[in-house]
Amino acid sequence: MRVKLLLSVLLALAVAAGPLAAVAPAQDKSIFIPLLVYRTGPYAPSGIPIANGASDYFNLVNERDGGVNGVKIAFEECETQYDTKQGVECYERLKSRSPVLVNPYSTGITYQLIPKAPGDKVVIHSMGYGMTASADGRWFPWVFNFPMTYWSQASAFVKYVGQQEGGVEKLKGKKIAHIYHNSPYGREANPTLEELARKYGFELTLLAVDHPGQEQKSTWLQIRRLNPDWIFVSGWGVMNQVAVKEAAAIGYKMDHMVGNWWTGTEADVVPAGDGAKGYKSMTFHAPGANFKVHQDIFKHVYDKGKGAAKREAVGEVLYNRMAINAMLNVEAIRTAMTKSGNKPLTGEQVRWGFENLNLTEKRLEELGMKGMMRPLRVTCENHEGNGLALVQQWDGKKWNIVSDWMEPIREVVRPKLEAAAVEEAKKLGYTMRDCAKEK
Amino acid sequence: MIYRTAGQFKTTYASDQAIFPIVQDRVAVTLALTAAFVIPPALASEYWLQAVLIPLLVYALAALGLNLLTGYAGQLSLGTGGFMAVGAYSAFKLSTAFPHLDIVAVFLLAGLVAAGVGLLFGIPSLRIKGFYLAVATLAAQFFLLWLFNKVAWFVNYAPSGTITAPDREVLGVLVTGPNATAGARYVMALAFVAVFGLVAKNLVRGRLGRAWMAIRDRDIAAEIIGIRPLRTKLLAFGISSFYCGVAGAELVFLYLGSAETQAFDINISFLVLFMVIIGGLGSILGSFLGAAFIVLVPIFLTNAPHLVGLGLPVALQKQIELMVFGALIIFFLIVEPHGLARLWQITKEKLRLWPFPH
């Protein structure tokens, strides 16, 4: 009996004291960036390299340059397991430390945070994911999804298929299947693909795979029956490697299977072994650890024992992507400092930096990222930047770039995007801002 | 000493049948409820309201609903997430189709729709029991989510398939949508929980609740003494689904703001079932205690290492959290299989005897 009493008292105490721990620590002279990561759960294969890339790049900036123009970057990880509710909890908890920007790395969490951003004055940078419509900065001043949106990506994929088939007019009558994660993320590309199917006359089949994506047997039975000419995959986490393995198992021609840029990292193809050879995926930057920035990371971060990943994991596709993401964040903050001074900034000041970000070829070279990605320019109207897409292919050991930089089919995407922005903004009760007045 | 009942005589039927027959209980509950309405909106930070208290209230309502069905009527259900989804999606459809409809009415109507669906899936309970019924309700969970994922009409043809809570007011104060303050949303959720908690308490004390318990304890005997199993069981499914439906609407409108079917997946059903089991089957208080345990303990475990200044890697911390949480659940169920509500009851009995236990 006494045990039970003691227990109930203890429990009551624990429950009462529970979330007290979220009390904010003292503010220091730094810029705080929360990192919503998922190093555990079914999405960990994708989440781990991302988390490592962010931590390493921010550490690099702090170690090599002493921060951004002398202002250190403080960052803290919070585990979300790619779960929307946990992500919101993380965001709310870390909000007490006045973050200036957040990279949710989950379309679901991005959707949750978009309505909060204007009130909290926190910039959302959803790089190549999130809500496509938010690329219209006139309606969504706080959300940035440069260098490219899902819709642009899907159009670039169709363009690539057209090139391979010998011209877009050859697409007529071809069968293309889209295997997608059955969530806002996976569904995002569907309207664009449907529109392009009407325009070019290819036959589109949409095949949904439910969370977390481990179970795809029925999907691949359908693929067998359908025998599509091309497969486009929008997966994430454990779903990707299962898809690649299944495709290899049924002997599908791997060079006709193209993942989107979240479906093409080492963790997705290595488990399938040689079967994955020839598999392609979209991307917007180069893979590999052969850039100057990587040498800097090794020298300033790993040699000091502060590296987050194993040395050989540096340069993985998603690692590089997050390093680029972190670099863009840092450069946006640097841009903001040209206006607001070299001191800890507010979210509003950083937002100005994002909106006036002009990343030139020269700056990329200074950063040691020449050739790794393309120059980028963000404007008030266009939060998508002017990104171009690439296609990479797995040769059994590493990813190789196999296409030129491709312009998405903007004349189809942009009008659709602007219409969607009006629609989405209406739901949130936003009014359109006049970009001409804000120069 | 403080908790003494000496001198409190019940001289009328009304006082004998009161929900809280002891004066101290009445005072404590009134004070607690008033405090709940006043203190958090005034003092709590947005983190507390948004990430801790609102989900706590939403889950408490869902647990209450499942407790009526599983705890009182003895019908095991794994379809809670599905019924919550029905509430959420119908609230979304109703509020977008009839923008001038009062949001309270929207919630209640959404509850009614969920009740209807619950009735439908309750029909098999007449023929099957226990684990078999659990599997039948599991089918509801999968079917309903599949339906909402498949049919674009439910999400107003949004390409992303998410539903978003629109801005709606109660008495001139924004309570839903992204522009509503966390305080307003909290008060709204609390008001719903307070009213429905009271209704549930009275339901289970009355004729219907007794019939449910009779069915739960020995259905054949119950039938012999004149309880109609069809009506009683279906009512249990209907009322339980009503509660879950309102909780689902709250989950989207007051807590998340926007959601997809993923928010209502099978994990929610399990979570709410755990709340009921840990809190105490067949106890109204237990629903609240169970919800508090399941919502607060993981948050406490996440924050605990920070509290003592331990800088663990997040992945390790998450794994430790899951292990400790699992161990705690097992431990509590071994120490007190009747749940937290029973612990509270024991404490109360002891307090009444204190300081002279016999």
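Values quoted throughout were computed directly from the atomic coordinates according to the rules given, and no laboratory measurement underlies them. Here the structure is a predicted model, which is why all the values come from computation and not from measurement. Here Cβ is always computed from backbone atoms with ideal geometry, including for glycine, and neighbour counts include all displayed protein chains.
Of all the residues in segment A:353-381, those that are surrounded by fewer than 19 Cβ atoms within 10 Å (Cβ to Cβ), outside any loop (DSSP other than H, G, I, E, B) and not acidic (Asp, Glu) number 5.
No other residue among B:259, B:292, B:247 is of a type in the set (Gly, Ala, Ser), more than 10 Å from every other protein chain (Cβ to nearest Cβ) and either within 27 Å of residue B:174 (Cα to Cα) or touching a residue at least 12 places away in the same chain (Cβ under 8 Å) (or both) apart from B:247. Take segment B:308-344 and flag every residue that is over 24 Å from residue B:71 (Cβ atoms) and touching a Leu at 6+ places or on another chain (Cβ under 8 Å). B:320, B:321, B:324 - these are the residues of segment B:308-344 that are over 24 Å from residue B:71 (Cβ atoms) and touching a Leu at 6+ places or on another chain (Cβ under 8 Å). Evaluation of residue A:67 against the conditions (1) more than 14 Å from chain B (Cβ to nearest Cβ); (2) out of contact with any helix residue (DSSP H, G or I) (no Cβ under 8 Å at 6 or more places or on another chain); (3) of a type in the set (Gly, Ala, Ser) shows that the sole unmet condition is (2).
What do you reckon, is residue B:312 in contact with a helix residue (DSSP H, G or I) (Cβ under 8 Å, 6 or more places away or on another chain), surrounded by fewer than 15 Cβ atoms within 10 Å (Cβ to Cβ) and either over 21 Å from residue B:244 (Cα atoms) or away from chain A (no Cβ under 11 Å) (or both)? Yes. Taking segment B:1-88 as the region of interest, the helices (runs of 4 or more DSSP H) fully inside it that hold 1 or more residues being among the polar types (S, T, N, Q) and more than 14 Å from every other protein chain (Cβ to nearest Cβ) are B:13-16, B:23-43.
Look at residue B:227 and say whether it is more than 19 Å from the chain's Cα centre (by Cα) and not in a helix (DSSP H, G or I).
Against the criterion (more than 19 Å from the chain's Cα centre (by Cα) and not in a helix (DSSP H, G or I)), residue B:227 qualifies.
With respect to being touching an Asp or Glu at 6+ places or on another chain (Cβ under 8 Å), buried (at least 24 other Cβ atoms within 10 Å of the Cβ) and facing another protein chain (nearest Cβ under 10 Å), residue B:162 fits the description. Could you grab me the full set of residues in segment A:89-98 that are more than 8 Å from chain B (Cβ to nearest Cβ), of a type outside the set (Lys, Arg) and either part of a loop (DSSP other than H, G, I, E, B) or within 20 Å of residue A:134 (Cβ to Cβ) (or both)? Result: A:91, A:98. Checked against the criteria, residue A:64 counts as in a helix (DSSP H, G or I), of a type outside the set (Val, Ile, Thr) and surrounded by fewer than 22 Cβ atoms within 10 Å (Cβ to Cβ). Of all positions in segment B:196-214, none carries a residue that is within 14 Å of another protein chain (Cβ to nearest Cβ) and within 30 Å of residue A:115 (Cα to Cα). Within segment A:177-232, restricting attention to residues that are of a type in the set (Val, Ile, Thr) and within 13 Å of another protein chain (Cβ to nearest Cβ), the residue that is surrounded by the fewest Cβ atoms within 10 Å (Cβ to Cβ) is A:209.
Here is a yes/no grid of residues against (1) in contact with a helix residue (DSSP H, G or I) (Cβ under 7 Å, 6 or more places away or on another chain); (2) over 22 Å from residue A:56 (Cβ atoms); (3) not aromatic (Phe, Trp, Tyr):
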residue	(1), (2), (3)
A:340	yes, yes, yes
A:373	yes, no, yes
A:392	no, no, yes
A:407	no, yes, yes
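Condition check ((1) in contact with a helix residue (DSSP H, G or I) (Cβ under 8 Å, 6 or more places away or on another chain); (2) under 30 Å from residue A:116 (Cα atoms)) across all residues:
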{"residue": "B:6", "(1), (2)": "no, no"}
{"residue": "B:9", "(1), (2)": "no, no"}
{"residue": "B:34", "(1), (2)": "no, yes"}
{"residue": "B:55", "(1), (2)": "yes, yes"}
{"residue": "B:70", "(1), (2)": "yes, no"}
{"residue": "B:93", "(1), (2)": "yes, yes"}
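Under the condition of being among the charged types (D, E, K, R) and more than 23 Å from the chain's Cα centre (by Cα), the residues counted in segment A:401-422 number 1. For segment A:140-172, a residue qualifies if it is within 14 Å of another protein chain (Cβ to nearest Cβ), over 18 Å from residue A:102 (Cα atoms) and not aliphatic (A, V, I, L, M), and the qualifying residues are A:150, A:151. Answer yes or no: is there a residue in segment A:75-88 that is in contact (Cβ under 8 Å) with a residue 40 or more places away in the chain and either within 30 Å of residue A:223 (Cα to Cα) or away from chain B (no Cβ under 14 Å) (or both). Yes, segment A:75-88 contains at least one residue that is in contact (Cβ under 8 Å) with a residue 40 or more places away in the chain and either within 30 Å of residue A:223 (Cα to Cα) or away from chain B (no Cβ under 14 Å) (or both).
Here is a yes/no grid of residues against (1) surrounded by fewer than 20 Cβ atoms within 10 Å (Cβ to Cβ); (2) closer than 26 Å to residue B:294 by Cβ; (3) within 14 Å of chain B (Cβ to nearest Cβ); (4) charged (D, E, K, R):
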{"residue": "A:49", "(1), (2), (3), (4)": "no, no, yes, no"}
{"residue": "A:55", "(1), (2), (3), (4)": "no, no, yes, no"}
{"residue": "A:100", "(1), (2), (3), (4)": "no, no, no, no"}
{"residue": "A:108", "(1), (2), (3), (4)": "no, yes, yes, no"}
{"residue": "A:116", "(1), (2), (3), (4)": "no, yes, yes, yes"}
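Yes/no matrix, rows are residues, columns are (1) buried (at least 24 other Cβ atoms within 10 Å of the Cβ); (2) assigned to a helix (DSSP H, G or I); (3) of a type outside the set (A, V, I, L, M):
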site: A:273; (1), (2), (3): no, yes, yes
site: A:281; (1), (2), (3): yes, no, yes
site: A:300; (1), (2), (3): no, yes, yes
site: A:306; (1), (2), (3): no, no, yes
site: A:321; (1), (2), (3): yes, yes, yes
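On the stretch given as segment A:426-439, residues that are within 25 Å of residue B:258 (Cα to Cα) and more than 11 Å from chain B (Cβ to nearest Cβ) total 3. Which one is surrounded by the most Cβ atoms within 10 Å (Cβ to Cβ), of the residues in segment A:389-400 that are over 19 Å from the mean Cα position of the chain (by Cα) and in a strand (DSSP E or B)? Result: A:394.
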